[in-house]
Amino acid sequence: AGYTVVEAANGAEALAQLATNPEIRLAFTDIVMPGGMNGEALARKIRAQYPDVKILFTSGYAESAASGNEPTLAGNLLHKPYSPHELITTIGELLHR
């Protein structure tokens, strides 16, 4: 779809990528992640340091750890499994809000 993707193995790496790549406009994170920081904690840090970066969550759990009641998740949760089309469409919608 023409997007440039920068990968990170965990939350700390994601924050480091954001610090060195100011062109990043969206963070796509699972709610459950390795490395001691979950997706919600990562989102709080991103919003505090990079308020213009959009955040898209994903989860494979039927009822995620935060079922959308947490402000960090509201409206930006893509449930697994999802198709490439769903992912690209959701990303496009978030970036153009």
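The values are calculated or read from the model by the stated rules, or taken from the named source; none is laboratory data. On a predicted model such as this, the values are computed, not experimentally measured, just so you know. Every residue, glycine as well, gets a Cβ built from its backbone with ideal geometry; the counts of neighbours run over all protein chains shown. Just the protein is used for accessible areas: all its heavy atoms, side chains included, with ligands, DNA and RNA removed. Shrake-Rupley method; radii C 1.70, N 1.55, O 1.52, S 1.80 Å.
Using modelled backbone amide H atoms (1.01 Å from N, in-plane), which distant-in-sequence or interchain residues come within less than 5 Å of Asp30's amide H?
Amide H to amide H, under 5 Å and 5 or more residues apart or across chains, Asp30 pairs with Thr58.
For the chain, with all protein chains present and a 1.4 Å probe, just round the carbon and sulfur fraction of the accessible area to a whole percent.
Of all accessible area on the chain, carbon and sulfur atoms account for 54 percent.
Place a label point 7 angstrom from the Cα of Asn10 along the Cα-to-Cβ direction, then list the residues of segment 32-48 whose backbone nitrogen is under 16 Å away.
The answer is 32-43, whose backbone nitrogens lie closer than 16 Å to the label point.
What relative contact order, as a whole-number percentage, does the chain give when Cα pairs under 8 Å and 6 or more residues apart are counted? It would help to have the intermediate numbers written out before the result.
Numbers: 101 pairs, mean separation 23.2, N = 97.
About 24 percent, as a whole number.
Assuming a ≥ b ≥ c are the square roots of the Cα gyration tensor eigenvalues, decide whether the chain counts as rounded (a/c under 1.5), prolate (otherwise, with a/b larger than b/c) or oblate.
rounded
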